[in-house]
Amino acid sequence: MTNELTPDLFRVCDANLNRLKEGIRVVEDIARYRDNNKELSLKLKELRHLAKIDDLKPLLNGRDSMNDVLRPSTPSEMNRQSLQNIITANFKRAQESSRVLEEIYKLADPTLSENFKHIRYTLYALEKEFI
């Protein structure tokens with residue numbers, strides 16, 4: 001990784017990497033435990049494992065989750081009317097986060113950028129398959 005990313009951008013990457021993996025995990029666990037869908041669960045697990053950045057130290061150094069201005073839940077985050085709403089929300093969360101990572105890493109590591117683009121497009125396909 002080059003030095004083109006500033007501490008505030010590492011913070012953006014840290015938050016979005018966590019959000020990406022968490023969103024995939026929610027959907028993965030529903031596919032695994034509710035649906036007993038081994039094929040989809042494995043695809044999601046493999047995708048979650050692709051969502052990585054080898055050098056986490058700069059990301060962790062930039063982390064400031066206690067002072068995140070949007071840390072408190074918004075009313076829309078607390079309003080889930082069905083399991084389908086949860087699945088959709090988490091697919092969207094993961095897709096959006098992978099897009100942010102794709103864009104930020106265009107500044108520093110095009111290979112990582114392409115990896116997050118691949119993840120995003122795979123999530124689009126898996127969302128369609130799941131729903």
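Throughout, read-outs are computed from the coordinates displayed, never taken from laboratory work. Computed from a prediction, not measured in an experiment: that's the story for all the values here. When we count neighbours, we look across all protein chains shown, and the Cβ atoms used for this are built from the backbone with ideal geometry, even at glycine.
Below are the figures for this structure:
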quantity	calculated
Residues ASP54 and THR6, FRET efficiency given R0 of 22 Å [Cβ-Cβ distance, rounded to 0.05]	0.70
Flagged links, alpha-carbon separation over 23 Å, of LYS21/LYS57; LYS38/LYS106; LYS106/LYS128; LYS45/LYS92	LYS38/LYS106; LYS106/LYS128
